[in-house]
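K.L.:
Before we start, here is the structure in question, set down as structure tokens.
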Amino acid sequence: MKKTLLGLSALFLLAITIQSCGDDIQETFKDYTEEEYAIITKRLNLPLEVYDYSADFDQEFFVNHVGEKDIRSRRGNHKATLGRVLFYDTKLSLNESVSCASCHKQELAFADDLAFSEGFDGEITTRNSLPLGNTIGFETAYGSGGSRAQFAWDEANADISSQSRAAILNAIEMGLDMPTLVDRIEKDEAYSILFKKTYGDENIMEHRILEALEEFVNSIVSAESKFDHESMKANGDIFSDFKGFTAEENVGKQLYLNKCASCHSFDHMFTAKAVANNGLDKIYEDKGVGSRTNSVNDYGVFKVPFLRNIELTAPYMHDGRFKTIREVIDHYSEGIADHPNLDFELRNGSTPVKMDFSEGEKQALEAYLLTLTDEELLADVRFSDPFKK
């Protein structure tokens, strides 16, 4: 990231230089007193001054194409910090064995590398863990109205807060009831400080826990891929050849725009289509949205995922059946099944589309998809595990 912090020792030297009296230390360390910081750092690696969790967008470009730059207040940064700690804390599971991060790993763009993740008691989840780092930012990509996306493969949850609550309560994933979680958090003196910094008091409540998790996840932004840089240079004209792309990547981009963008979006900022049946099977064991609505019209209908960092988020589909991007491309090229709910974008009259990509086209399409990888996100300390090993 572009932001840097002085090391802990340098900060203490700075404090000593500016002031000789420890009573005034809070004037230098704006966010924690010396006593508070000593308590927090028993188990946590947190900076003396909270990180800025504002979206690190190019101001002019994204005001024009997304909207006003997201500037979080200092209290908002404290809330994201609290959410970060909660996200990595195994206290959120019944036997304190797994955290949110167990199934959403930063180095994998907050995805899991298993088809089905392992829950707190060793049981296996029923669907693949969706990545959290596959959008330009949740506050941009998700929301209500139109085709805006919801959460989970069957879009069972309208926001991050309800999705987090569902994961905590889930009998396989984390298996914990909310009153027990609140009680655990209340007994941790570090959390008392973090909640006070966020809310102005030490009252730990369910809705505050969920709000903090939502603030942290909302702050995860992926906007530093090769595609993003070239798109900015082209002032958002994604239909032109990008000068910094190879010839193969530009061919792949055009193929994507012609064949894929109507469902997955043209610029990878919003969702073009929230849910669809993409012809994985003629008969689905997991009925997707239909398992929630009990409507035959929703059988085999699942979330249309965002594609940022797709290189890192294998395996793919709701059941993790495809291990590689190439397998996904092969499916759309010649493997689409004729299901009654198959999306109209994948139909040619009454039969499924056969895109019949050549070998060169498959390679070009994959090359383009690899330009969506954001290496900065993977190393961003703001989103890393804050617990000491």
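K.L.:
Just need a number here: residues in segment 320-347 that are open to solvent by less than 30 Å² (accessible area, probe 1.4 Å) and over 18 Å from TYR284 (Cβ atoms).
P.N.:
Of the residues in segment 320-347, 3 are open to solvent by less than 30 Å² (accessible area, probe 1.4 Å) and over 18 Å from TYR284 (Cβ atoms).
The rows are residues; the columns are (1) under 20 Å from the mean Cα position of the chain (by Cα); (2) within 12 Å of ILE329 (Cβ to Cβ).
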position	(1), (2)
PHE344	no, no
SER358	no, yes
ALA367	no, yes
VAL381	yes, no
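K.L.:
Do any helices (runs of 4 or more DSSP H) entirely within segment 221-269 hold 3 or more residues that are free of Cβ contacts under 8 Å to residues at least 60 places away in the same chain, open to solvent by 40 Å² or more (accessible area, probe 1.4 Å) and at negative phi, and if so, which? Before you say what the answer is, go through the steps one by one.
P.N.:
Numbers: elements: 226-233, 247-259, 261-264.
Of the helices (runs of 4 or more DSSP H) lying wholly inside segment 221-269, those with at least 3 residues that are free of Cβ contacts under 8 Å to residues at least 60 places away in the same chain, open to solvent by 40 Å² or more (accessible area, probe 1.4 Å) and at negative phi span 247-259.
K.L.:
Among the residues of segment 163-205, count how many are closer than 17 Å to ALA101 by Cα and free of Cβ contacts under 8 Å to residues at least 24 places away in the same chain.
P.N.:
Result for segment 163-205: 3.
K.L.:
Which one of these is open to solvent by 20 Å² or more (accessible area, probe 1.4 Å) and touching a residue at least 24 places away in the same chain (Cβ under 8 Å): SER291, SER295? Step through it out loud before you land on a result.
P.N.:
Numbers: SER295 fails: touching a residue at least 24 places away in the same chain (Cβ under 8 Å).
Within the list SER291, SER295, the selection yields SER291.
K.L.:
Next up: Under 22 Å from the mean Cα position of the chain (by Cα) and at pLDDT 95 or above: is that true of PHE266 in this structure? Even if it seems obvious, please write down each step before you answer.
P.N.:
Values: under 22 Å from the mean Cα position of the chain (by Cα): yes; at pLDDT 95 or above: no.
For PHE266, the condition - under 22 Å from the mean Cα position of the chain (by Cα) and at pLDDT 95 or above - is not met.
K.L.:
Would you please name the residue that is nearest to PHE151 (Cα to Cα), looking only at residues in segment 270-281 that are within 17 Å of the chain's Cα centre (by Cα) and crowded, with 18+ Cβ neighbours inside 10 Å?
P.N.:
To start, the set of residues in segment 270-281 that are within 17 Å of the chain's Cα centre (by Cα) comprises 270-271, 274.
So of that shortlist, the ones also crowded, with 18+ Cβ neighbours inside 10 Å come out as 270-271.
Working: PHE270: 14, THR271: 12 Å.
My answer is THR271.
K.L.:
Then there is this: Working only within segment 102-127, note down all residues that are in contact with a helix residue (DSSP H, G or I) (Cβ under 6 Å, 6 or more places away or on another chain) and either over 25 Å from LEU372 (Cβ atoms) or open to solvent by 40 Å² or more (accessible area, probe 1.4 Å) (or both).
P.N.:
If the condition is that a residue be in contact with a helix residue (DSSP H, G or I) (Cβ under 6 Å, 6 or more places away or on another chain) and either over 25 Å from LEU372 (Cβ atoms) or open to solvent by 40 Å² or more (accessible area, probe 1.4 Å) (or both), then GLU107 is the only one that fits.
K.L.:
Tell me, which helices (runs of 4 or more DSSP H) wholly within segment 272-389 include 1 or more residues that are within 30 Å of LEU48 (Cβ to Cβ) and not hydroxyl-bearing (Ser, Thr, Tyr)? Write out each step before concluding.
P.N.:
On the way: elements: 289-293, 325-334, 359-370, 375-379.
Passing ranges, in order: 375-379.
K.L.:
What number of residues in segment 113-123 are of a type outside the set (D, E, K, R) and under 11 Å from GLY320 (Cβ atoms)? First the steps, then the outcome.
P.N.:
Filtering segment 113-123 for residues of a type outside the set (D, E, K, R) gives 114-117, 119-120, 122.
Remaining after also requiring under 11 Å from GLY320 (Cβ atoms): 114-117.
Total satisfying the criteria: 4.
K.L.:
Still on this structure: Scan segment 334-389 for residues that are of a type in the set (Ser, Thr, Tyr), touching a residue at least 12 places away in the same chain (Cβ under 8 Å) and out of contact with any Lys or Arg (no Cβ under 7 Å at 6 or more places or on another chain) and jot them down. Don't jump to the end; show me each part of the working.
P.N.:
Residues of segment 334-389 that are of a type in the set (Ser, Thr, Tyr), as a first pass: 350-351, 358, 368, 371, 373, 384.
Filter again for touching a residue at least 12 places away in the same chain (Cβ under 8 Å), leaving 351, 368, 371, 373, 384.
Of everything in segment 334-389, those that are of a type in the set (Ser, Thr, Tyr), touching a residue at least 12 places away in the same chain (Cβ under 8 Å) and out of contact with any Lys or Arg (no Cβ under 7 Å at 6 or more places or on another chain) turn out to be THR351, THR373, SER384.
K.L.:
Let me spell it out: the conditions are (1) surrounded by 15 or more Cβ atoms within 10 Å (Cβ to Cβ); (2) closer than 24 Å to VAL289 by Cβ, and LEU377 meets all of them except one. Which number is the exception?
P.N.:
The one condition LEU377 does not meet is (2).
K.L.:
While we're on this one: How many of the residues in segment 80-98 are free of Cβ contacts under 8 Å to residues at least 40 places away in the same chain and buried (at least 22 other Cβ atoms within 10 Å of the Cβ)?
P.N.:
Summing the residues that are free of Cβ contacts under 8 Å to residues at least 40 places away in the same chain and buried (at least 22 other Cβ atoms within 10 Å of the Cβ) in segment 80-98 gives 0.
K.L.:
I would also like to ask the following. For segment 350-375, enumerate the residues that are farther than 20 Å from GLY300 by Cβ and either of a type in the set (Ser, Thr, Tyr) or modelled with pLDDT under 95 (or both). Outline the logic, then answer.
P.N.:
Just the residues of segment 350-375 that are farther than 20 Å from GLY300 by Cβ, to begin with: 356-375.
Listed by number, the residues that qualify are SER358, TYR368, THR371, THR373.
The values are calculated or read from the model by the stated rules, or taken from the named source; none is laboratory data. This one's a predicted model, so the numbers in the text were calculated from it and none came from an experiment. All Cβ positions, glycine included, derive from the backbone under ideal geometry; neighbour counts span all protein chains shown. The accessibility values were calculated without ligands, DNA or RNA, using every heavy atom of the protein model including side chains. Shrake-Rupley method; radii C 1.70, N 1.55, O 1.52, S 1.80 Å.
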